[in-house]
Each structure stands twice: as C-alpha cells, then as structure tokens.
Amino acid sequence: MAGANPFQNLLKEINVNGETFHYFDIASFPEYRELPYSVRVLLESAVRNCDNFQVLEKDVRGILSWKQAKGTPGSETELEIPFKPARVILQDFTGVPAVVDFAAMRDAVLKLGGDPDRINPICPSDLVIDHSVQVDFARSEDALAKNQDLEFERNKERFTFLKWGAKAFNNMLIIPPGSGIVHQVNLEYLARVVFQDASRSKDGSVKMLYPDSVVGTDSHTTMINGLGVVGWGVGGIEAEAVMLGQAISMLLPEVIGYRLVGKLSSLVTSTDLVLTITKHLRQIGVVGKFVEFFGPGVSELSIADRATISNMCPEYGATVGYFPVDQNALDYLRQTNRAEDKVCVIEAYLKATEQLRNFSDAEQDPVFTQIVELDLATVVTSVSGPKRPHDRVSVSEMQQDFRQCLTNKVGFKGFAVPENELVAEGSFSWTDGKTYSMRHGSVVIAAITSCTNTSNPSVMLGAGLLAKKAVEAGLKVAPYIKTSLSPGSGVVTYYLKESGVIPALEELGFNVVGYGCMTCIGNSGPLDDNVANTIEKNNLVCCGVLSGNRNFEGRIHPNTRANYLASPLLVIAYALAGTVDIDFEKQPIGTKPDGTAVFLRDIWPTRQEIQTVEKKHVIPAMFRDVYEKVELGSPAWQGLAAPTGKLYPWDTTSTYIKHPPFFEGMTRDLPTLSNIVNARALLNLGDSVTTDHISPAGSIARNSPAARYLSDRGLTPREFNSYGSRRGNDAIMARGTFANIRLVNKLVARAGPRTLHIPSGEEMDVFDCAERYATEGTPLIALVGKDYGSGSSRDWAAKGPYLLGIKAVIAESYERIHRSNLVGMGIVPLQYLDGQNADSLGLTGREQFNIAIPANCKPHERITVSTDGGKEFQVIVRFDTEVDLEYFRNGGILNYMIRKMID
C-alpha cells in the first residue's frame, strides 16, 4: 500500500509576487547537475510521486545514477523506472477509442461487482477534436465552411459520443472541432510548462509547482518538446492506463546530445533543417532513446522552429527530441497570451530547480550518452521521398534523384519503370476547354498540410510571400492539381490575413480547407476522374508534394506513387512547376505573360524578409482572440445534445460507436498462460511495415471487407467515411486491419490487402482469411522484418491484429510505441536473434508454428519456436519490463486495470 513520501524533506517554499508555492528541491541532489535536462523531469516526477508502492525510493536512486548507467555509449545497464506524466492529451481519432474503452470498462467493472465510478481520469486529460476532412472543395472560396458542414454531417454521432464522455468522466477537457490540430493547440494553448496545482495541498491554499509533462495518443505529441515540455506518443491503450493513475514503466533512457552551432542560410527554412536532422539521426540510430538539443545554435531557432524539429521525432525514431526551457520559451509564452503572473511563476520555479537553460553557457551542459553535432550553415534546401520521411534529397539534386528512382528496382527509392515506358505521357481535357498532359513526375496533389509546418509562422508566411511574388509575376498553378491549405490553428489564418498574403494563396488555389489532419493522413479527397484515369491508363508515377511529416506508400493517395515532404514554400514551387522532374537552378518555374522566364530564385523570399513580416503580424492579441472562446466551440457543436448518465446507452445499430468485445468472458481471476500450438502465419511481411499498413486511417475502399460490412447495413459509398472516423467501431477496424493497398505480403504474388489460407491454398482478403482460421480454431502469428510498426501511434494497429486472432509477432525489430501496444493487447512480441530473419532461417510462412511460453517468463528471455517441418530457432521475448509481463498475464493492460479497480 502507498506510504508517506520519503523525500518530504525536499519540499520547499517559494514566494512569487506575494503568493507562496511549494515545490520539491530536486537540485539539492549532488548528482543533479550532471543529469540531462530531460532526465531531470523524470527525476522530479519520481520524487514527487514516491510512495514506495507505485514509485519506490530505489527508483529515484536509479534515475540519480543515470551517469553511471547511461552516461557512456553502449552501456549494458538496464534500469526499469516508473514515470507519471502530469497530463494526457488525446487526439480525436484516438480519443474516441479511449472513451469507448472507458465506457466499456465501466460496464465490465459493474458486471464483475465493482464500482464503475472508479473508471475515471485521475490525471488531467485534454481531448482535442482536430477532425480531418476530405478536401473535396479544395479550390472553393467557401471550402472551409463546406468541409466543416460535411464533417458535422458525417461525424455527428462521434462528436455526440465525445460530448457525453466530457460530462460522464471527471477531469476531461474537450477542445471542440474546427479549433486546430491537436499539437498546435497543445503548443499555443494547453501546455502549462510548469503546473501550478492546488489539488496537491490538503486545503487547496498552497499550489504545488512541478514540470508539465504529457503523453499523447498521437506519436507527434513530441512537438511539445520544442517548448521544453517532456512528452511523447503512446498508444491509446497505454494512455488510458495513465489516465487511471497507472505509472508508465520504462527503461532509463540513453540521452543523445545533439549540438547545434552556426546559423541557417537566409534561403533555407526550418523544414530543410528538420529533414536534415531526421536523416542524420536515422543514420545514427536513436530508436528508444532521448535526443536533447543544446549548443549556441539553439538560440538561433524560434520556438516554432524547435517545435518543427521535435514534431518529427517519430520520423527519426527517438522517444523525445527535447529542447529545455530558455528565455526564448518564456518569451513565446508571453507572445501566445499566457498570463504574465503565471509566466513569472514558471520562470521562478525553473530557476530555483536549475531547469532554465542558457544555450550559450557551456557550463550548463550536462553529461550525455553520446554527442553529435550539426553546423546550421551546412543545411541546404531539401525534400524527402519518394516513400520515406528520412530519405532526404537536396533540391539541387532532386531531378536526378527522381529519374534514378524511376529506373531503380522496386524499393524505398525505386519504381522499376521499364525503359520503354520512361517517356510515357497521357493527355486529358479540362473544364476550361484546354488539354493538359502528364508524365512521370507530374504533380497532382500539392498540400500545405499537417502539424509539422503549419505551426511555424516563418514557413507559412514565407509561403504566402512566395505566392504573392508568383502572382505578381503572372504565374499560375494548373487547375487539375489538387491544392489545399490546412493551417494548424485559427491563429495561422489570422496572421496570414493580417499580413495580406491570403489573396495570393487563394489565387494559386491554396484555399483554407480546414484545421485538422488532412492530406498527410490520406484525406485529400478523390482526384478528378480524368486525372485518375490518365494516371492509371499510362501507368504514370505521379506525385504528391506536401508539407507533412509522413509519405509512406499508400498513405497520401492511391494515385500518387511518389510523395515528397517539403516546406510550404516548396509545395507552392512544385505546384507552379507542375512536376518534380525539374532543376530549379537551370530551368524556369514558369513564364510571365510577356514570355519572360521566371526562376524560383526570382520569387523566393529571404529569411530576413519573412522575419520582418512575422514580427509585425504574429502578436499576442491574435492568440487571445482565437483562444478565449475556444472551449465553447461552434454553434453546431453547442447545439449537439448528448446523452447523460455514467453508463453509455449503446446503440446496437450504430456503425460508428460500438461496444468493444475486449472484455467479453473476462473473469476476476487471472487466465492461465498457455503455449501457442499449431499456429499459422497470417502474413509474412518485410521491413518498415508501418501502422499505416497495419491499420489504415484513410478512405475505405469500395471493394474492401469494411465496405461490404457498411453496404450490408444500407450505407452508400458516399457515407463510408474513413477508417479514422470509424475507430469507435471494432467491426470496421478489424476489417480494415492490414487493408493497405501497398501491403507487400510474401504469401501472395501482388501488393495489396490479400493473403493465403494455407491449408486450402486459396487467396483471399486478410480479414476473410482470419475469420476462416478462427472457425477452424487455428491461432495466428505474423512474420515481419525490421522497424515493425513505425509511423503513427495507433492503438488499432494492435487491437486489429488481436481481433484477427494473432497471438504473437516475430520481428527483426520494433518501433517503441507499437511494441508497447502489442503488449497492451496481450500479443507476444518476439524478436529474432541478431543477424537472423525469416529468410535466413528458411521460413516461408507456410509452416505451422509452436511457441512455448514459460509460466515464469522473464523480460528478454530466449525461448524456442519450432515448426512442423522440423526447424527450431530461438527468439527473444520483447517483454522489456516486469510490468509488461504483468499486463500480458492479465490478457492486456485494460484487463489489468479492471482487475485492479475491483480488488
């Protein structure tokens, strides 16, 4: 049971402007000054929450020993520590399943004789409905209004359910739809930097101060690291446990010190910088590690620049990409209209605990596991693609690189276009009466989208200035190119209007279409039939160019086989050019009406030009005007009538919100562990299988199992909506598991969501095959390669396989969040020994597999897998902590929490 805090003697008082606060004086530990600033936040949480029950005194001592355990590269010391974040942030798509699970957990607790009121958030949770829409009205002046009306029409039921959740559960704040993308709202409005918490004192008279920290149900939660808040993405399953007061169990991390020096060229952007860092850190290998930025170059970066770098943390694979709080961060709080008295308290606390950083003072540099360095002056204008975010290409080499990709063998940098098809071309007529032609490299989608860049005034205003100069030069974007602009928040639209660049953006087709995840998540909407048919008929490698953070195959659009991440400025540049097959240095981007050639350099704004406009137009009043009524929402939101009561009145006919089956048959007693016997491989996959491949969030294909399910219930294709919108319905999501059109399954000949039913030799949809195996009583596994589960932190990438009957996954390596999600659903994550994989072991995926799970299994234990063909090989059980094992023994983390609630 919980006891008194053994570190109560560290509790101190601080007085700021006549008000007294309490805080734990963690700086008094002798080891403190050598700790990385990110680790100091872990330490404070452990000290404050130490009760010798969930958080032990030895856990605090373990964090203090960071230098000995992790202060040198390659340390073999592994220390498991607990971490209690200050809050949880939920994004709409992942928030819905969380609330669905909470509602179902209440039902289960009641059924098992417990008190359903105990299923209630303990740690504060912020839920942002940053709904995504299909940009069907991309070039309409009222695109935003039309899209938002359409979104309410499609998702009224989902929104109503969330409104019920806000009333039914305590400690939950909802930011309604249309307010902005979750990470931007977090940065501009929700982040506390330092909590000032009255609930920690018995009578509420003295506030407790402690660092803001957060976990979120989106992998890009790390964006908040740019403001000095330690936070990262977790699966919805793990987030739910944290909301119920459960500490996260994690290994004490290595911390890579990333030293920045020098200054950026006046012609490069923060996007170019982040793509450079992403490639660099992927090459170094930082999966599961913290990255902490330091050095004098940090002071040259705005908070928006830092947030852009931190946002891409999942793309370079680290757990966090952390920038400690400095004076620039405090200035940003003032700029974004945070109250001055609160900023004064934040500054006083950070100084008292030595957490306020001066990046120009090398004396403050802590110890790091390893130090790497980047000179900002070496950064050049860049894009990344055509299939992965860390495949950076300098724009000066883009034309050559794209042409090589066309002929390279199929892979991350190849399309294997036959030589006789390299000059393929197709033409079509448009509504303006003109005929347009397309070739390999033609741009058909150009989107300023996603939280990565639409949070950053420098690149957004830069795009606006470039658009203005382009319009003044008489340049136009071809009408068939689907262009769109989805800002991170209303503040962005505000300063774009005030700076006078909106008319030029709209003239080029970049109308504001909404404020959520759009093209980056596959919600650009359909291309015109003439365009799509021309691409398909001529087998063209056409392109999407977007200012997003992910460009995995099949994610952006079925008709864009090549997708490039780029700054908002380059999105407009490539839209104007109409192709990525261009050398901007040698070839003009277009011509003036008089025939004069216009080169990109002629219209490209300098960093100094952009900063002048930014200082004038990005002001605190904008943030005040946008956010003072943000929680109220639109009239449509206010008019939603939600159910009342502690238990949700489930509608059995709903195709959006469905009571999940995860707790069916659950008992108070722990289930008995059993071996996996005579299992079949549902899939045999290669490297870099992302959560987009496992659990798509885009549109529902008309010939898919999910589409058949909806059609059987009387819905038309127009009403199918997206997988993301239907995450509250397990029947849809199970059918959408492994439904990506680009999935490469070695059991079948062609890419797509198909697999082989081994006993019969029949090829079928993955879901249908899993259903047949279930009727036959056959357990399933999946064979996969390296970096399994990279990409978005989707709980359905684990829930879906669980519902398909997958009991174990054997991989070469896992992305951090996905491995945790598998454990959270009771799926065994197994890992080949170094140097081994399915091919080297001679596995085809057609075998029967037997996996012996020891009753007293230990973290990282080696166990044996055998096949019906006589093969035997060892694998490592990727239960990384004892807590992982406890979750697995319970059948998953949610089952564990229910049993805990009814003890």
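The values are calculated or read from the model by the stated rules, or taken from the named source; none is laboratory data. Only a predicted model underlies this, so the values are computations on that prediction, with no experimental measurement involved. As a convention, Cβ positions derive from the backbone with ideal geometry for all residues, glycine included, and neighbour counts pool all protein chains shown. To get the accessible areas, we keep the full protein, side chains included, count just its heavy atoms, and leave off ligands, DNA and RNA. Shrake-Rupley method; radii C 1.70, N 1.55, O 1.52, S 1.80 Å.
What to note about this one:
- Tally of residues being more than 19 Å from D795 (Cβ to Cβ) and among the hydroxyl-bearing types (S, T, Y) across the range 210-252: 2
- Screening V512 against (1) touching a helix residue (DSSP H, G or I) at 6+ places or on another chain (Cβ under 6 Å); (2) modelled with pLDDT under 95; (3) surrounded by fewer than 20 Cβ atoms within 10 Å (Cβ to Cβ) leaves a single unmet condition, (3).
- Among (1) open to solvent by 30 Å² or more (accessible area, probe 1.4 Å); (2) outside any helix (DSSP H, G or I), the one test that G554 misses: (1)
- Counting only residues that are farther than 21 Å from N337 by Cα, assigned to a helix (DSSP H, G or I) and more than 31 Å from the chain's Cα centre (by Cα), the range 598-630 holds 6 of them.
- N563 vs. criteria touching an Asp or Glu at 6+ places or on another chain (Cβ under 7 Å), buried (at least 22 other Cβ atoms within 10 Å of the Cβ), on the phi < 0 side of the Ramachandran plot and not basic (K, R): no
- Condition check for F879: part of a helix (DSSP H, G or I) and buried (at least 16 other Cβ atoms within 10 Å of the Cβ): no
- Residue list for the range 337-370, filter: of a type outside the set (D, E, K, R) and in contact with a Leu (Cβ under 8 Å, 6 or more places away or on another chain): V343, V345, I346, Y349, L350, L356, P366, V367
- Being over 27 Å from the mean Cα position of the chain (by Cα) and not aromatic (F, W, Y) holds for only one residue in S302, S310, S360, and it is S360.
- Candidate set: the range 249-267, residues that are hydrophobic (A, V, I, L, M, F, W, C) and open to solvent by less than 10 Å² (accessible area, probe 1.4 Å); chosen: the one farthest from R819 (Cα to Cα): L260
- Exactly one residue out of A98, A46 is hydrophobic (A, V, I, L, M, F, W, C) and more than 19 Å from Q196 (Cα to Cα), and it is A98.
- Selection status of D839, out of contact with any strand residue (DSSP E or B) (no Cβ under 9 Å at 6 or more places or on another chain), among the acidic types (D, E) and outside any strand (DSSP E or B): yes
- The lone exception for N15 - which of (1) in contact (Cβ under 8 Å) with a residue 24 or more places away in the chain; (2) surrounded by fewer than 18 Cβ atoms within 10 Å (Cβ to Cβ) it fails: (1)
- Among the residues of the range 437-482, those that are part of a strand (DSSP E or B) and either touching a Pro at 6+ places or on another chain (Cβ under 8 Å) or buried (at least 24 other Cβ atoms within 10 Å of the Cβ) (or both) comprise S442, V443, V444, I445, A446, A447, I448, K482.
- Meets criteria (open to solvent by 10 Å² or more (accessible area, probe 1.4 Å) and farther than 19 Å from K146 by Cα) for T493: no
- Residue count, the range 211-247 (criterion: crowded, with 23+ Cβ neighbours inside 10 Å, of a type in the set (A, V, I, L, M, F, W, C) and part of a loop (DSSP other than H, G, I, E, B)): 2
- Selected residue (criterion: nearest to E238 (Cα to Cα)) from residues of the range 805-836 that are open to solvent by 10 Å² or more (accessible area, probe 1.4 Å) and outside any loop (DSSP other than H, G, I, E, B): S820
- Cβ-Cβ under 8 Å pairs, at least 6 apart or on other chains, the range 435-460 side of a type in the set (K, R), far side open to solvent by 10 Å² or more (accessible area, probe 1.4 Å): R439/V423; R439/A424; R439/E425; R439/T579; R439/D581
- Some residue of the range 846-853 being touching a residue at least 12 places away in the same chain (Cβ under 8 Å) and acidic (D, E): yes
- Verdict on R282 being buried (at least 23 other Cβ atoms within 10 Å of the Cβ), among the basic types (K, R), in a helix (DSSP H, G or I) and in contact (Cβ under 8 Å) with a residue 24 or more places away in the chain: no
- Test result for P82, in contact with a strand residue (DSSP E or B) (Cβ under 8 Å, 6 or more places away or on another chain), open to solvent by 70 Å² or more (accessible area, probe 1.4 Å) and at pLDDT below 95: no
Residues checked against (1) of a type outside the set (S, T, N, Q); (2) within 21 Å of the chain's Cα centre (by Cα); (3) over 18 Å from V128 (Cα atoms):
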position: K167; (1), (2), (3): yes, no, no
position: N171; (1), (2), (3): no, no, no
position: Y189; (1), (2), (3): yes, yes, no
position: A198; (1), (2), (3): yes, no, yes
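- First in the range 802-822 and on the phi > 0 side of the Ramachandran plot, second anywhere and at pLDDT 95 or above and of a type in the set (A, V, I, L, M, F, W, C), Cβ under 7 Å, 6 or more apart: G805/A770; G805/A774; G805/L780
- Entirely in the range 285-388, the helices (runs of 4 or more DSSP H) that have 2 or more residues that are open to solvent by 40 Å² or more (accessible area, probe 1.4 Å) and either under 30 Å from L600 (Cα atoms) or aliphatic (A, V, I, L, M) (or both): none
- M208 meets all of the listed conditions (1) touching a residue at least 24 places away in the same chain (Cβ under 8 Å); (2) out of contact with any Phe, Trp or Tyr (no Cβ under 6 Å at 6 or more places or on another chain); (3) part of a helix (DSSP H, G or I) but one, namely (3).
- Complete set of residues in the range 668-703 that are touching a residue at least 12 places away in the same chain (Cβ under 8 Å), open to solvent by 70 Å² or more (accessible area, probe 1.4 Å) and among the polar types (S, T, N, Q): S674, N675, N678
- Residue among A191, A198 that alone is closer than 24 Å to L330 by Cβ and surrounded by fewer than 19 Cβ atoms within 10 Å (Cβ to Cβ): A198
- Residue check for G548: open to solvent by less than 10 Å² (accessible area, probe 1.4 Å), outside any loop (DSSP other than H, G, I, E, B) and among the small types (G, A, S): no
- Looking across the range 394-416, just one residue is within 13 Å of N551 (Cβ to Cβ) and either of a type in the set (S, T, Y) or without any contact (Cβ under 8 Å) to a residue 40 or more places away in the chain (or both), and that is K413.
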